[in-house]
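Encoded as structure tokens, the structure appears first; notes follow it.
The values are calculated or read from the model by the stated rules, or taken from the named source; none is laboratory data. What you are looking at is a predicted structure, and each value in this text was computed from that prediction instead of being measured. All Cβ positions, glycine included, derive from the backbone under ideal geometry; neighbour counts span all protein chains shown.
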Amino acid sequence: MMDRKKTLAAIARHVTDADIVLPVYSSAFDWLDIRPNPLNYLSHGAMGLASSHALGLALGRPDKRVIVLDGDGSLLMNLGTLVSTAEAAPNNLFHFVCENGTYETNGAVPVPGTGRVSFTALACAAGYPRTYEFDTLEEWEHAVKRILNEDGPILVDLKVIPGADYPEDFARLYSVESREALRRRLQSS
């Protein structure tokens, strides 16, 4: 199992200022600490919708790499997005699932199926052309750059331990200012 913040930091080292990143809930607090950027898309609302928003952005902005930092519980709430993503086949979509077996934001409630569900198998069955799974930081750090240079859609299951406790500042995540900064940045690029 990997430290989530270090796992996300490995991604951040290969993210450009032109990439759109959609971090969810607990991962979002880590991501904002690691890499604040106007192209961090934080306005996906209810749990489970980040992957659907990422698909829309990937299709609407094929000129930009779209990276979704999902959670295992979040993805379980919207498995249909795997089929839709595989069908649309956007080559600029990278779906990272931080699998830690818990709904951290909702009081560390266990995620159903922990230890039995294979997110890579689900993505393969849905039609994703490539999937990966990592549980050691050394292997992940070695592979992340190569994966981000492949054609998507790609799903990567990252086996992580629950992250650090952050103040759950949802006003920061869903602020009008962050939505406006994203809108302005997308319009100008």
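Brief remarks follow.
- Across the range 16-38, the qualifying residues are those that are of a type in the set (A, V, I, L, M) and buried (at least 22 other Cβ atoms within 10 Å of the Cβ), and the one among them that is farthest from Pro153 (Cα to Cα) is Ala28.
- Looking across the range 149-184, the residues that are modelled with pLDDT of 95 or more and not polar (S, T, N, Q) come down to Glu150, Asp151, Gly152, Pro153, Ile154, Leu155, Val156, Asp157, Leu158, Lys159.
- Residues in the range 1-57 that are in a loop (DSSP other than H, G, I, E, B), closer than 21 Å to Asn78 by Cβ and among the hydrophobic types (A, V, I, L, M, F, W, C): Val24, Leu42, Ala46, Met47, Leu49.
- On inspection, Asn91 passes the criterion of being of a type in the set (S, T, N, Q), modelled with pLDDT of 95 or more, surrounded by fewer than 17 Cβ atoms within 10 Å (Cβ to Cβ) and in contact with a helix residue (DSSP H, G or I) (Cβ under 9 Å, 6 or more places away or on another chain).
- Complete set of residues in the range 66-79 that are outside any helix (DSSP H, G or I) and surrounded by fewer than 21 Cβ atoms within 10 Å (Cβ to Cβ): Met77, Asn78, Leu79
- Selection count, the range 114-149, where residues are assigned to a loop (DSSP other than H, G, I, E, B) and surrounded by fewer than 13 Cβ atoms within 10 Å (Cβ to Cβ): 4
- Yes/no for Leu82 being in a helix (DSSP H, G or I) and in contact with a helix residue (DSSP H, G or I) (Cβ under 9 Å, 6 or more places away or on another chain): yes
- Residue in the range 42-52 that is surrounded by fewer than 24 Cβ atoms within 10 Å (Cβ to Cβ) and modelled with pLDDT of 85 or more present: yes
- Any hit, the range 19-38, residues being modelled with pLDDT of 95 or more, within 21 Å of Glu133 (Cα to Cα) and touching a Phe, Trp or Tyr at 6+ places or on another chain (Cβ under 6 Å): no
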